[in-house]
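First the structure, in the form of structure tokens, and then the observations on it.
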Amino acid sequence: MIRAAVAFPVALAVGFAVRWAAPRLGAMDRPDAALKPHARPVPYLGGVAVGAGAAAALAWGGWPLPWAVAVAVFGVGLVGLADDVFRLPPAARLAAELGLGLVLAGWGIRATALPGAALAWTGAVLLFAATVNAVNMVDGMDGLAAGLAVISGVGVAMVAAGADRSSSLAIALAAASAGFLYHNLPPARLFLGDSGAYLLGGGLAVAVLAAGRTVPALAGAASCLGLYLLDLVLSVLRRTVGRVPVMVNDRGHIYDQLRARGLSVSECLAVSYAIHAVLGAIGLAAAALPVPAALATTGGAWALAVAGLFAGGFVSGRGAGPQGDRGLA
């Protein structure tokens with residue numbers, strides 16, 4: 001809890017600092033009728049606040065993580081910052097994400113619960129890249145991505161504690177996200193930016209891998225990624241069904257479609273948080289079960305979630321347009 005008590009105020013304070021500095025640096029996300037519907041320019045350096053809060057918490061009492069984790073998590077945050085400033089091509093971003101995932105796997109941060117070295121390496125690299133993109137894709141509504149990160153961080157930390165694994169990173173990310181969230185709740189005064197979304201995605205992926213040293217713990221911790229991964233799966237399905245390239249932008253994400261169905265922003269947040277929390281709670285319960293029961297519990301819950309949203313028209317893309325939040329990578 002000491003790490004949380006450090007991360008929250010540091011992220012909160014740095015959030016005020018970057019809100020002051022961003023206009024002077026030109027680091028502002030400006031409205032665009034097609035892509036960015038916010039009413040006024042908003043600073044996009046929220047990733048600095050989250051990163052500072054998480055780093056301060058982790059440094060308290062001695063840095064507990066291998067250097068490769070810092071390289072991967074803060075490195076992917078820098079990739080996101082470069083994208084915020086220079087608009088990197090999707091292929092370049094994806095290559096960087098996969099490369100940093102390989103750095104993690106090469107240092108031993110792998111999905112070791114999976115059978116065989118090849119699956120352990122592949123699972124770690126793909127989870128890292130997928131979670132980075134999943135968090136970035138969800139970061140299209142004030143208060144959404146960071147609020148989900150608080151829930152995910154707490155859930156993964158609980159899975160880690162139950163498996164007698166370190167929960168330091170998950171706790172630091174959850175508390176730093178909570179500090180940033182003060183600035184990001186509607187109407188947002190500070191955006192995560194790609195830097196913050198990438199950093200959160202990379203950090204949560206590492207926390208899942210650290211907690212998931214057994215099959216039930218890995219399945220449970222991954223389920224705590226909830227709406228992030230659910231929206232990613234539905235986005236891939238939606239674009240595949242619509243015969244649209246996966247990396248093409250659209251406005252068909254779950255939160256977009258909830259808005260298209262008449263929900264207010266606060267109602268969308270409440271529904272999204274609830275879905276995320278339920279999937280996390282199922283993952284937490286599954287982590288304590290034997291392997292067959294854990295896989296049946298998480299697999300069944302996710303199958304029902306995807307099938308329910310498919311039946312509700314969320315894959316067909318009701319309310320979706322050709323432009324909007326970025327596609328994968």
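No value in this document is a laboratory result; all are computed from the given coordinates. All values reported here derive from a predicted model rather than from experimental measurement. Here the Cβ positions follow ideal geometry from the backbone for every residue, glycine too, while neighbour counts run over all protein chains shown.
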**Prompt:** What is the list of residues in segment 238-257 whose amide nitrogen lies under 15 Å from a point 7 angstrom out from the Cα of Asp32, following Cα to Cβ?
**Reply:** 248-251
**Item:** q = 0.22, 0.26, 0.27 Å⁻¹: log10 I(q)/I(0) that the Debye formula gives for segment 260-302, counting C-alpha atoms only
**Value:** -0.68, -0.81, -0.84
**Fill in**
Simple SL model, points at 7 angstrom along Cα→Cβ for Ala260 and Arg87; separation in nm is 2.4 nm
**Item:** Residue-count net charge about Ala113 - beta-carbon cut-off 12 Å; Lys, Arg +1, Asp, Glu -1
**Value:** +3
**Prompt:** At what distance in nm do the modelled label points of Ala13 and Ala70 sit from each other, each positioned 7 Å from its Cα along Cα→Cβ?
**Reply:** 2.1 nm
**Request:** Could you work out how far apart the two model spin labels at Val246 and Ile2 are, taking each label as a point 7 Å from the Cα in the direction of the beta carbon, and quote it in nm?
**Result:** 4.4 nm
**Item:** Per-residue ³J(HN,Hα) for segment 102-119, Karplus 6.51 cos²θ - 1.76 cosθ + 1.60, θ = phi - 60°, Hz, x for Gly and Pro
**Value:** 5, 4, 4, 4, x, 8, x, 8, 10, 7, 5, 6, 7, x, x, 5, 4, 5
**Prompt:** Check Asp29: other-chain or 5+ apart residues with amide H under 5 Å from its amide H, H built from backbone geometry?
**Reply:** Val42, Tyr44
**Message:** If I stretch the segment between Ala118 and Leu304 completely, what's the gain in nm (0.36 nm per residue apart, minus their alpha carbon distance), one decimal?
**Reply:** 64.0 nm
**Asked** When the Debye formula is applied to the Cα atoms of the chain, each taken as the same point scatterer, what base-10 log of I(q)/I(0) results at q = 0.08, 0.09, 0.14 Å⁻¹?
**Response** -0.32, -0.41, -1.07
**Prompt:** Taking the Cβ of Gly77 as the center, what net charge do the other residues with Cβ under 14 Å away carry, scoring Lys and Arg +1 and Asp and Glu -1?
**Reply:** -4
**Prompt:** What does the convex hull of the alpha-carbon atoms of segment 171-224 project to on average, in nm²?
**Reply:** 4.0 nm²
**Request:** Give a residue-ordered list of calculated ³J(HN,Hα) values for segment 71-80 (Karplus: 6.51 cos²θ - 1.76 cosθ + 1.60, θ = phi - 60°; whole Hz; x for Gly, Pro).
**Result:** 4, 5, 6, 6, x, 5, x, 5, 4, x
**Asked** Computed over the Cα atoms of segment 139-215, what is the ratio Rg over Rh, Rh following Kirkwood?
**Response** 1.02
